[in-house]
Amino acid sequence: MIEATANAPLILLTAGGTGGHVFPAEALATALAARGYRLGLVTDKRGQAYGGRLGALDTHRINAGGIAGKNMFARLFSVVELARGAWQAWRLIRKLKPAAVVGFGGYASVPAMMAATVTSVPTAIHEQNALLGRANRLLASRVKRIAASFRETKGLTLTALGRIVFTGMPVRAAIREKAGQPLPPLDGPLGVLVMGGSQGATVLSEVVPAALALLPEGLRARLDVTQQCREEDIDAVRAAYGATGIRAHLASFIDDVPERLARAHVVITRAGASSVAEALCVGRPAILIPYPYAADDHQTHNARAVDAAGAGWLMAQDAFSPATLSARLQGLFEHPETLQQAADRARELARVDAAEALADVVEGLIVTQTGRAEA
(Lines give C-alpha, C1' and ligand atoms only; values in the text may rest on other atoms or scores of the structure.)
Protein backbone atom coordinates (compact mmCIF):
# COMPACT_ATOMS: atom_id res chain seq x y z
CA MET A 1 0.00 0.00 0.00
CA ILE A 2 1.37 3.43 -0.98
CA GLU A 3 0.72 6.00 1.73
CA ALA A 4 -1.03 9.08 0.32
CA THR A 5 0.82 12.34 0.85
CA ALA A 6 -0.88 15.60 1.73
CA ASN A 7 -0.40 16.91 -1.82
CA ALA A 8 -1.50 13.71 -3.58
CA PRO A 9 -4.46 14.16 -5.95
CA LEU A 10 -7.84 13.93 -4.20
CA ILE A 11 -10.55 11.75 -5.75
CA LEU A 12 -14.10 12.04 -4.48
CA LEU A 13 -16.43 9.05 -4.67
CA THR A 14 -20.19 9.43 -4.42
CA ALA A 15 -22.74 6.67 -4.11
CA GLY A 16 -26.16 5.64 -2.85
CA GLY A 17 -26.48 3.28 0.09
CA THR A 18 -27.37 -0.08 -1.50
CA GLY A 19 -24.87 -2.90 -1.86
CA GLY A 20 -24.81 -2.63 -5.65
CA HIS A 21 -23.50 0.91 -5.32
CA VAL A 22 -21.32 0.44 -2.25
CA PHE A 23 -19.39 -2.70 -3.28
CA PRO A 24 -17.82 -1.25 -6.44
CA ALA A 25 -17.11 2.05 -4.66
CA GLU A 26 -15.35 0.10 -1.91
CA ALA A 27 -13.31 -1.85 -4.46
CA LEU A 28 -12.29 1.30 -6.32
CA ALA A 29 -11.33 3.04 -3.09
CA THR A 30 -9.06 0.13 -2.21
CA ALA A 31 -7.43 0.14 -5.66
CA LEU A 32 -6.89 3.92 -5.70
CA ALA A 33 -5.55 3.99 -2.14
CA ALA A 34 -2.99 1.37 -3.18
CA ARG A 35 -1.87 3.79 -5.88
CA GLY A 36 -1.33 6.61 -3.39
CA TYR A 37 -4.38 8.80 -4.01
CA ARG A 38 -6.23 10.74 -1.33
CA LEU A 39 -9.90 9.83 -1.20
CA GLY A 40 -13.15 11.31 0.05
CA LEU A 41 -16.77 10.19 0.05
CA VAL A 42 -19.85 12.28 -0.69
CA THR A 43 -23.24 10.84 0.18
CA ASP A 44 -26.61 12.06 1.38
CA LYS A 45 -27.57 12.93 4.93
CA ARG A 46 -29.89 9.93 5.21
CA GLY A 47 -27.13 7.43 4.51
CA GLN A 48 -25.93 5.07 7.19
CA ALA A 49 -22.34 4.77 8.31
CA TYR A 50 -20.16 2.78 5.94
CA GLY A 51 -17.69 0.11 6.96
CA GLY A 52 -14.48 -1.09 5.35
CA ARG A 53 -12.39 1.23 3.23
CA LEU A 54 -15.31 3.63 2.65
CA GLY A 55 -15.86 3.95 6.38
CA ALA A 56 -12.28 5.17 6.80
CA LEU A 57 -12.68 8.02 4.29
CA ASP A 58 -13.47 11.63 5.05
CA THR A 59 -17.23 11.64 4.51
CA HIS A 60 -19.22 14.69 3.43
CA ARG A 61 -23.01 14.53 3.70
CA ILE A 62 -25.26 16.65 1.55
CA ASN A 63 -28.96 16.83 0.68
CA ALA A 64 -30.42 14.53 -1.97
CA GLY A 65 -33.74 12.92 -2.76
CA GLY A 66 -35.09 10.26 -5.10
CA ILE A 67 -37.88 11.02 -7.53
CA ALA A 68 -39.07 7.66 -8.86
CA GLY A 69 -42.37 6.28 -7.58
CA LYS A 70 -43.48 9.41 -5.71
CA ASN A 71 -46.51 11.66 -5.93
CA MET A 72 -46.24 15.15 -7.37
CA PHE A 73 -45.73 16.89 -4.02
CA ALA A 74 -43.02 14.43 -2.96
CA ARG A 75 -41.30 14.76 -6.31
CA LEU A 76 -41.26 18.54 -6.00
CA PHE A 77 -39.73 18.24 -2.54
CA SER A 78 -37.10 15.84 -3.90
CA VAL A 79 -36.20 18.24 -6.71
CA VAL A 80 -35.70 20.97 -4.12
CA GLU A 81 -33.52 18.63 -2.06
CA LEU A 82 -31.44 17.74 -5.12
CA ALA A 83 -30.97 21.43 -5.89
CA ARG A 84 -29.89 22.12 -2.30
CA GLY A 85 -27.52 19.18 -2.48
CA ALA A 86 -26.01 20.40 -5.75
CA TRP A 87 -25.35 23.81 -4.17
CA GLN A 88 -23.73 22.15 -1.14
CA ALA A 89 -21.67 19.90 -3.41
CA TRP A 90 -20.59 22.88 -5.56
CA ARG A 91 -19.29 24.66 -2.48
CA LEU A 92 -17.57 21.48 -1.29
CA ILE A 93 -15.87 20.88 -4.62
CA ARG A 94 -14.71 24.48 -4.82
CA LYS A 95 -13.17 24.05 -1.38
CA LEU A 96 -11.59 20.60 -1.81
CA LYS A 97 -10.50 20.97 -5.45
CA PRO A 98 -10.62 17.25 -6.30
CA ALA A 99 -8.76 15.88 -9.29
CA ALA A 100 -11.78 13.75 -10.25
CA VAL A 101 -15.25 12.80 -9.02
CA VAL A 102 -16.62 9.29 -9.55
CA GLY A 103 -20.30 8.36 -9.15
CA PHE A 104 -21.80 4.93 -8.56
CA GLY A 105 -25.49 5.60 -9.03
CA GLY A 106 -28.37 6.23 -6.69
CA TYR A 107 -29.88 9.67 -6.29
CA ALA A 108 -27.40 10.39 -3.49
CA SER A 109 -24.72 10.62 -6.19
CA VAL A 110 -26.53 13.13 -8.41
CA PRO A 111 -25.79 16.44 -6.61
CA ALA A 112 -22.03 15.86 -6.39
CA MET A 113 -21.81 14.68 -9.99
CA MET A 114 -23.83 17.64 -11.28
CA ALA A 115 -21.66 20.05 -9.31
CA ALA A 116 -18.49 18.42 -10.63
CA THR A 117 -19.63 18.75 -14.24
CA VAL A 118 -20.42 22.47 -13.93
CA THR A 119 -17.06 23.14 -12.28
CA SER A 120 -15.20 21.28 -15.06
CA VAL A 121 -13.80 18.63 -12.72
CA PRO A 122 -13.13 15.36 -14.62
CA THR A 123 -15.97 12.92 -13.96
CA ALA A 124 -16.86 9.27 -14.43
CA ILE A 125 -19.81 7.13 -13.48
CA HIS A 126 -19.91 3.39 -12.96
CA GLU A 127 -23.03 1.46 -13.97
CA GLN A 128 -23.49 -1.88 -12.23
CA ASN A 129 -26.42 -3.18 -14.28
CA ALA A 130 -27.06 -4.06 -17.91
CA LEU A 131 -29.56 -1.19 -18.02
CA LEU A 132 -28.40 2.31 -17.14
CA GLY A 133 -29.96 3.36 -13.84
CA ARG A 134 -32.12 6.46 -13.57
CA ALA A 135 -29.56 8.53 -11.70
CA ASN A 136 -26.81 7.60 -14.14
CA ARG A 137 -29.16 8.37 -17.04
CA LEU A 138 -29.40 11.94 -15.75
CA LEU A 139 -25.62 12.16 -15.75
CA ALA A 140 -24.52 10.14 -18.78
CA SER A 141 -24.55 13.03 -21.23
CA ARG A 142 -22.49 15.22 -18.87
CA VAL A 143 -19.66 13.00 -17.63
CA LYS A 144 -16.41 12.22 -19.43
CA ARG A 145 -16.46 8.45 -18.95
CA ILE A 146 -19.10 5.79 -18.34
CA ALA A 147 -17.67 2.57 -16.90
CA ALA A 148 -19.90 -0.42 -17.65
CA SER A 149 -20.21 -3.77 -15.89
CA PHE A 150 -21.65 -5.47 -18.99
CA ARG A 151 -20.26 -5.37 -22.50
CA GLU A 152 -23.63 -4.18 -23.73
CA THR A 153 -25.43 -1.59 -21.59
CA LYS A 154 -28.90 -0.42 -22.56
CA GLY A 155 -30.32 3.04 -21.97
CA LEU A 156 -27.41 5.02 -23.42
CA THR A 157 -28.00 7.85 -25.85
CA LEU A 158 -26.00 8.02 -29.06
CA THR A 159 -23.98 10.94 -27.70
CA ALA A 160 -23.00 8.92 -24.62
CA LEU A 161 -21.93 5.79 -26.51
CA GLY A 162 -18.52 7.21 -27.33
CA ARG A 163 -17.72 7.63 -23.64
CA ILE A 164 -18.42 4.09 -22.49
CA VAL A 165 -15.63 1.78 -21.31
CA PHE A 166 -16.11 -1.85 -20.32
CA THR A 167 -14.50 -2.35 -16.90
CA GLY A 168 -16.70 -5.06 -15.42
CA MET A 169 -18.23 -5.05 -11.94
CA PRO A 170 -15.71 -4.94 -9.08
CA VAL A 171 -16.26 -7.59 -6.42
CA ARG A 172 -14.84 -8.20 -2.96
CA ALA A 173 -11.24 -9.37 -2.66
CA ALA A 174 -12.39 -12.62 -1.03
CA ILE A 175 -14.47 -13.38 -4.14
CA ARG A 176 -11.58 -12.57 -6.48
CA GLU A 177 -9.41 -15.07 -4.60
CA LYS A 178 -11.79 -17.81 -5.76
CA ALA A 179 -11.83 -16.66 -9.38
CA GLY A 180 -11.34 -19.28 -12.02
CA GLN A 181 -11.52 -22.29 -9.72
CA PRO A 182 -12.75 -25.35 -11.63
CA LEU A 183 -16.13 -26.81 -10.85
CA PRO A 184 -15.98 -29.45 -8.10
CA PRO A 185 -15.97 -33.04 -9.42
CA LEU A 186 -19.29 -33.75 -11.08
CA ASP A 187 -19.45 -37.36 -9.88
CA GLY A 188 -19.62 -36.48 -6.16
CA PRO A 189 -21.87 -34.26 -4.01
CA LEU A 190 -23.89 -31.73 -6.01
CA GLY A 191 -23.44 -28.25 -4.53
CA VAL A 192 -26.42 -25.88 -4.77
CA LEU A 193 -26.11 -22.33 -3.43
CA VAL A 194 -29.32 -20.32 -3.02
CA MET A 195 -29.00 -16.60 -2.39
CA GLY A 196 -31.94 -14.23 -2.24
CA GLY A 197 -30.21 -10.90 -2.06
CA SER A 198 -29.36 -8.99 1.09
CA GLN A 199 -32.40 -10.25 3.00
CA GLY A 200 -33.23 -13.50 1.25
CA ALA A 201 -36.38 -14.01 -0.80
CA THR A 202 -39.51 -15.79 0.33
CA VAL A 203 -40.26 -17.09 -3.16
CA LEU A 204 -36.95 -18.96 -3.16
CA SER A 205 -37.72 -20.40 0.26
CA GLU A 206 -41.04 -21.69 -1.05
CA VAL A 207 -39.98 -22.99 -4.46
CA VAL A 208 -36.44 -24.37 -4.09
CA PRO A 209 -37.03 -27.01 -1.37
CA ALA A 210 -40.16 -28.19 -3.19
CA ALA A 211 -38.27 -28.38 -6.49
CA LEU A 212 -35.39 -30.36 -5.00
CA ALA A 213 -37.88 -32.78 -3.43
CA LEU A 214 -39.13 -33.63 -6.94
CA LEU A 215 -35.69 -34.78 -8.13
CA PRO A 216 -35.05 -38.52 -8.50
CA GLU A 217 -33.90 -40.16 -5.28
CA GLY A 218 -30.39 -40.75 -6.61
CA LEU A 219 -29.87 -37.05 -7.25
CA ARG A 220 -31.52 -35.98 -3.98
CA ALA A 221 -29.08 -38.13 -2.03
CA ARG A 222 -26.13 -36.30 -3.59
CA LEU A 223 -27.38 -32.76 -2.92
CA ASP A 224 -25.47 -30.43 -0.63
CA VAL A 225 -27.53 -27.24 -0.30
CA THR A 226 -26.68 -23.88 1.20
CA GLN A 227 -29.63 -21.49 1.28
CA GLN A 228 -30.04 -17.94 2.48
CA CYS A 229 -33.51 -17.41 3.93
CA ARG A 230 -35.41 -14.70 5.68
CA GLU A 231 -35.33 -15.27 9.42
CA GLU A 232 -39.08 -15.82 9.48
CA ASP A 233 -38.82 -18.51 6.76
CA ILE A 234 -35.98 -20.63 8.18
CA ASP A 235 -38.08 -22.99 10.31
CA ALA A 236 -40.42 -23.83 7.42
CA VAL A 237 -37.51 -24.34 5.02
CA ARG A 238 -35.67 -26.54 7.52
CA ALA A 239 -38.79 -28.67 7.94
CA ALA A 240 -39.18 -29.00 4.16
CA TYR A 241 -35.62 -30.24 3.73
CA GLY A 242 -35.89 -32.48 6.78
CA ALA A 243 -38.91 -34.25 5.30
CA THR A 244 -36.88 -35.26 2.23
CA GLY A 245 -33.55 -35.94 3.94
CA ILE A 246 -31.69 -33.39 1.79
CA ARG A 247 -28.53 -32.00 3.41
CA ALA A 248 -29.03 -28.27 3.81
CA HIS A 249 -27.23 -25.44 5.58
CA LEU A 250 -29.64 -22.54 6.20
CA ALA A 251 -28.84 -19.01 7.35
CA SER A 252 -30.32 -15.53 7.14
CA PHE A 253 -26.81 -14.27 6.38
CA ILE A 254 -24.15 -16.39 4.69
CA ASP A 255 -20.81 -15.24 6.07
CA ASP A 256 -18.65 -17.45 3.86
CA VAL A 257 -20.13 -16.76 0.41
CA PRO A 258 -16.77 -17.07 -1.41
CA GLU A 259 -16.19 -20.58 -0.07
CA ARG A 260 -19.81 -21.61 -0.70
CA LEU A 261 -19.57 -20.34 -4.28
CA ALA A 262 -16.39 -22.31 -4.85
CA ARG A 263 -18.10 -25.50 -3.63
CA ALA A 264 -21.26 -24.98 -5.69
CA HIS A 265 -22.10 -26.50 -9.06
CA VAL A 266 -25.02 -24.14 -9.61
CA VAL A 267 -26.25 -20.93 -7.99
CA ILE A 268 -29.93 -20.00 -7.69
CA THR A 269 -30.30 -16.30 -7.02
CA ARG A 270 -31.91 -12.98 -7.76
CA ALA A 271 -30.23 -11.05 -10.56
CA GLY A 272 -28.87 -8.06 -8.68
CA ALA A 273 -25.58 -6.69 -9.96
CA SER A 274 -23.46 -7.91 -7.06
CA SER A 275 -24.94 -11.43 -6.98
CA VAL A 276 -24.44 -11.83 -10.74
CA ALA A 277 -20.90 -10.44 -10.67
CA GLU A 278 -19.82 -12.73 -7.83
CA ALA A 279 -21.17 -15.87 -9.52
CA LEU A 280 -19.47 -14.94 -12.79
CA CYS A 281 -16.17 -14.09 -11.13
CA VAL A 282 -15.92 -17.50 -9.46
CA GLY A 283 -17.18 -19.14 -12.65
CA ARG A 284 -20.42 -20.66 -11.44
CA PRO A 285 -23.49 -21.22 -13.62
CA ALA A 286 -26.51 -19.38 -12.26
CA ILE A 287 -30.26 -19.78 -12.46
CA LEU A 288 -31.42 -16.18 -12.18
CA ILE A 289 -34.88 -15.17 -10.93
CA PRO A 290 -35.10 -11.39 -11.37
CA TYR A 291 -36.92 -9.44 -8.68
CA PRO A 292 -39.96 -8.31 -10.69
CA TYR A 293 -40.37 -4.98 -8.88
CA ALA A 294 -36.81 -3.73 -9.29
CA ALA A 295 -36.54 -0.25 -10.75
CA ASP A 296 -37.08 -0.36 -14.53
CA ASP A 297 -36.92 -4.17 -14.26
CA HIS A 298 -33.13 -3.89 -14.41
CA GLN A 299 -32.61 -7.35 -12.92
CA THR A 300 -34.28 -8.92 -15.96
CA HIS A 301 -31.78 -7.08 -18.17
CA ASN A 302 -28.91 -8.48 -16.06
CA ALA A 303 -30.30 -12.02 -16.25
CA ARG A 304 -30.94 -11.76 -19.96
CA ALA A 305 -27.31 -10.73 -20.58
CA VAL A 306 -26.04 -13.75 -18.63
CA ASP A 307 -28.50 -16.08 -20.38
CA ALA A 308 -27.54 -14.76 -23.82
CA ALA A 309 -23.87 -15.38 -23.04
CA GLY A 310 -24.57 -18.98 -22.07
CA ALA A 311 -23.36 -18.45 -18.49
CA GLY A 312 -26.72 -19.09 -16.84
CA TRP A 313 -30.45 -19.25 -17.28
CA LEU A 314 -33.17 -16.65 -16.85
CA MET A 315 -36.34 -17.84 -15.11
CA ALA A 316 -39.02 -15.18 -14.68
CA GLN A 317 -40.69 -15.26 -11.28
CA ASP A 318 -44.17 -15.89 -12.72
CA ALA A 319 -42.78 -19.08 -14.34
CA PHE A 320 -40.64 -20.06 -11.36
CA SER A 321 -42.39 -23.14 -9.96
CA PRO A 322 -41.18 -26.35 -8.28
CA ALA A 323 -41.89 -28.32 -11.45
CA THR A 324 -40.02 -25.99 -13.83
CA LEU A 325 -37.04 -25.55 -11.52
CA SER A 326 -36.82 -29.29 -10.83
CA ALA A 327 -36.87 -30.07 -14.55
CA ARG A 328 -34.10 -27.54 -15.18
CA LEU A 329 -31.92 -28.89 -12.37
CA GLN A 330 -32.45 -32.51 -13.35
CA GLY A 331 -31.40 -31.74 -16.90
CA LEU A 332 -28.25 -30.00 -15.66
CA PHE A 333 -27.27 -32.70 -13.18
CA GLU A 334 -27.87 -35.51 -15.67
CA HIS A 335 -25.89 -33.69 -18.37
CA PRO A 336 -22.93 -32.25 -16.45
CA GLU A 337 -21.26 -31.15 -19.66
CA THR A 338 -23.92 -28.41 -19.84
CA LEU A 339 -22.89 -27.18 -16.38
CA GLN A 340 -19.24 -27.25 -17.39
CA GLN A 341 -19.90 -25.26 -20.56
CA ALA A 342 -21.87 -22.64 -18.60
CA ALA A 343 -19.08 -22.42 -16.01
CA ASP A 344 -16.57 -21.80 -18.80
CA ARG A 345 -18.75 -19.07 -20.28
CA ALA A 346 -19.18 -17.46 -16.85
CA ARG A 347 -15.42 -17.17 -16.47
CA GLU A 348 -15.17 -15.66 -19.95
CA LEU A 349 -17.94 -13.15 -19.21
CA ALA A 350 -16.44 -12.00 -15.90
CA ARG A 351 -13.70 -9.41 -15.58
CA VAL A 352 -11.70 -10.30 -12.50
CA ASP A 353 -9.55 -7.17 -12.73
CA ALA A 354 -12.60 -4.86 -12.74
CA ALA A 355 -11.41 -2.74 -9.80
CA GLU A 356 -8.03 -2.11 -11.42
CA ALA A 357 -9.67 -1.43 -14.80
CA LEU A 358 -11.94 1.13 -13.15
CA ALA A 359 -8.98 2.71 -11.37
CA ASP A 360 -7.24 2.98 -14.76
CA VAL A 361 -10.26 4.86 -16.14
CA VAL A 362 -10.18 7.30 -13.24
CA GLU A 363 -6.43 7.84 -13.55
CA GLY A 364 -6.94 8.55 -17.24
CA LEU A 365 -9.18 11.48 -16.30
CA ILE A 366 -6.79 13.19 -13.93
CA VAL A 367 -4.91 16.21 -15.09
CA THR A 368 -1.52 15.23 -16.48
CA GLN A 369 1.81 16.94 -15.96
CA THR A 370 1.12 18.98 -19.06
CA GLY A 371 -2.01 20.35 -17.40
CA ARG A 372 -4.49 18.73 -19.76
CA ALA A 373 -7.24 16.32 -18.73
CA GLU A 374 -7.93 13.40 -21.01
CA ALA A 375 -10.62 14.35 -23.49
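The values are calculated or read from the model by the stated rules, or taken from the named source; none is laboratory data. Everything quoted here is computed from the prediction, not taken from an experiment. Note that each Cβ is placed from the backbone with ideal geometry, even for glycine, and that neighbours are counted across all protein chains shown.
What is the one condition in (1) crowded, with 18+ Cβ neighbours inside 10 Å; (2) outside any loop (DSSP other than H, G, I, E, B); (3) not aromatic (Phe, Trp, Tyr) that Leu215 does not satisfy?
Of the numbered conditions (1) crowded, with 18+ Cβ neighbours inside 10 Å; (2) outside any loop (DSSP other than H, G, I, E, B); (3) not aromatic (Phe, Trp, Tyr), the odd one out for Leu215 is (2).
Is it true that Glu232 is modelled with pLDDT under 95, more than 16 Å from Leu325 (Cα to Cα) and charged (D, E, K, R)?
Spelling it out, Glu232 is indeed modelled with pLDDT under 95, more than 16 Å from Leu325 (Cα to Cα) and charged (D, E, K, R).
What is the one condition in (1) of a type outside the set (A, V, I, L, M, F, W, C); (2) assigned to a helix (DSSP H, G or I); (3) touching a residue at least 24 places away in the same chain (Cβ under 8 Å) that Arg284 does not satisfy?
Result: Arg284 fails condition (2) only.
I'd like the residue in region 153-169 that is in a loop (DSSP other than H, G, I, E, B) and touching a Phe, Trp or Tyr at 6+ places or on another chain (Cβ under 9 Å) and, out of all such residues, is nearest to Leu349 (Cα to Cα).
The extreme case among them is Gly168.
Which one of these does Val102 not meet: (1) modelled with pLDDT of 95 or more; (2) in a loop (DSSP other than H, G, I, E, B)?
Failed condition: (2).
For region 189-210, give me each residue that is hydrophobic (A, V, I, L, M, F, W, C) and either over 13 Å from Ala240 (Cβ atoms) or at pLDDT below 95 (or both).
Leu190, Val192, Leu193, Met195, Ala201, Val203
Conditions tested, residue by residue: (1) more than 26 Å from Ala277 (Cα to Cα); (2) crowded, with 18+ Cβ neighbours inside 10 Å.
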site	(1), (2)
Val79	yes, no
Gly106	no, yes
Ser109	no, yes
Gly133	no, yes
Ala174	no, no
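So which residues in region 325-345 are farther than 25 Å from Ser205 by Cβ and part of a helix (DSSP H, G or I)?
Hits for region 325-345 are Glu334, Pro336, Glu337, Thr338, Gln340, Gln341, Ala343, Asp344, Arg345.
Hey, among the residues in region 287-324 that are in contact with a strand residue (DSSP E or B) (Cβ under 7 Å, 6 or more places away or on another chain) and in a helix (DSSP H, G or I), which one's farthest from Leu219 (Cα to Cα)?
Taking the candidates together, the pick is Asp296.
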